[in-house]
1. How about segment 151-226: which trypsin sites (Lys or Arg not before Pro) there are in a DSSP loop, with at most 16 other Cβ atoms within 10 Å of their Cβ?
2. May I ask for the net charge around Thr147, where only other residues with Cβ less than 12 Å from the Cβ of Thr147 are counted and Lys, Arg are +1 while Asp, Glu are -1?
3. For segment 26-84 and segment 270-293, write down the distance between their C-alpha centroids in whole Å.
4. In a solvent-free Debye calculation with one equal scatterer on each Cα, what is log10 I(q)/I(0) for segment 156-270 at q = 0.16, 0.17 Å⁻¹, listed in the order of the q values?
5. Given the protein chains as shown and a 1.4 Å probe, how many square angstrom of Arg135 are accessible, to the nearest 10?
6. Using the Karplus equation 6.51 cos²θ - 1.76 cosθ + 1.60 (θ = phi - 60°), what ³J(HN,Hα) coupling, rounded to whole Hz, does each residue of segment 196-211 give in order, writing x for Gly and Pro?
7. At q = 0.15, 0.18, 0.25 Å⁻¹, what log₁₀ I(q)/I(0) does segment 1-88 have when each alpha carbon counts as one equal point scatterer in the Debye sum?
8. How many angstrom lie between the C-alpha centres of segment 316-373 and segment 125-169?
Amino acid sequence: MNWKINFMGAYLSWVMDSYDLGAVVITSTILGKLFYPTLGLLGAVLPIVFTVIFRPIGSLIFGLFADWKGRKSILTITVLGYSLAIGLTAFLPTYYQIGVLATVLLSILRVFQGIFIGGDVSSSFTLAMESVFTRRGLFSGITQSGTLVGFVIVDLLFTYFAKNPTFLVAEGWRIVFLIGILPAILAIIIRYKVTESEIYLKSEKKSVAQGLRPLFQTILVMIGFWLMIYSGPQFVPVFLGNVLKLPSSVYGFLALIMNLVGIPAMILSGFLSDYVGRKSMAIIGSILSIIAGVLLYLYSATSNLTFLITAFGFLINLPSAITPAYLAERFKTYSRATGVGFSYNGAFFIAGFAQIYISLLGKIMPVSYSALTILTIGALLAIIGLVIGPETLKVNELKIN
């Protein structure tokens, strides 16, 4: 087994996953105006919501198949599915061209994208962590940082096109989605060389349901993580563009900084988790994330915004860096793909609506306060989930069983 190929195949999944989601997030203000023009702030967040709330369905369907039939075959199916969805998005007519049908078509593509990306999580996370036997925390941080690499690529493209705002709204956003096909093609090529993990091949095959006992606890942790992320980094472009009214060239650059500093933060967090433990590292990171949220959302109007964005981007990404290793270490091999995938994505049934929660709370308080409230609730839920669960650094299920 070539663990490097397996790891790279999984890593590219996260680059692709985040590229697609990043494309929706960074263009959310534009997509809202072109496809949901009557809904205001809600229209800007709906494409994001449609993407994330259907991910649990994909993770359950493809996770079960990955546990029954193997991780490798599922990876090829999912990459083809999400590649098609992101590519077709680039060619959609807008609301002003075909009316509400444009709204429906974009929503459908976002649903399919969520299903295939959700399914991809089940196999890619699992295969990567099953293929790594030492420094799993470090490789977990590197894997998870792939999400930010995708965001950085999107932010660079968006910042470049934003130099010409008229072109960005007319054609630039389409090019951002079209380019998303390229990393997917690379992922397809690499996945032909992927092999099943030795742990999966040698482990006893039992009913998937028998190994899903940790699910409640792991979903609680992930609900917390994703409420932090979707009221934090995934909401920041909406906050900067729709609330602070910054021009696209400015908030695109700030988003780039935020995601760029998050890459070393995740790698550092994963590295430290090999010493202090996954649980401890994530709890410390969650506390620091609350502090980061206070700084950004309460002082953005009066302090140096570049500094606040930089600090926020570093601190908010510390807790979730342990996710691949922690989830894989919680589940037995015969149920790992389902457990990992549904933990990671099942949390979106609640956390996927984070930006709608912010929008609704924004009717009774300033949006900055509503975003901070959801972020803080997420951090507290993550801490509670981590406290009631075990420390998986020394004793875990990632073994032949």
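The values are calculated or read from the model by the stated rules, or taken from the named source; none is laboratory data. What you see is a predicted model; the values in this text were computed from it and never measured. Heads up, the Cβs are rebuilt from the backbone with ideal geometry, glycines too, and the neighbour counts pull from every protein chain shown. Protein only, heavy atoms only, side chains kept; ligands, DNA and RNA dropped before computing areas. Shrake-Rupley method; radii C 1.70, N 1.55, O 1.52, S 1.80 Å.
1. For trypsin sites (Lys or Arg not before Pro) across segment 151-226 that sit outside H, G, I, E and B with at most 16 neighbouring Cβ atoms in 10 Å, the list reads Lys163, Lys193, Lys205, Lys206.
2. Result for the local shell: -2.
3. The distance from the Cα centre of segment 26-84 to that of segment 270-293 comes to 28 Å.
4. Relative scattering, expressed as log10 I(q)/I(0), comes to -1.05, -1.09.
5. Approximately 100 Å² of Arg135 is accessible to the 1.4 Å probe.
6. Computed from phi, the couplings for segment 196-211 are 5, 6, 4, 4, 5, 5, 9, 7, 5, 8, 10, 4, 4, 4, 5, x Hz.
7. Log10 I(q)/I(0), no solvent term: -0.68, -0.88, -1.29.
8. 17
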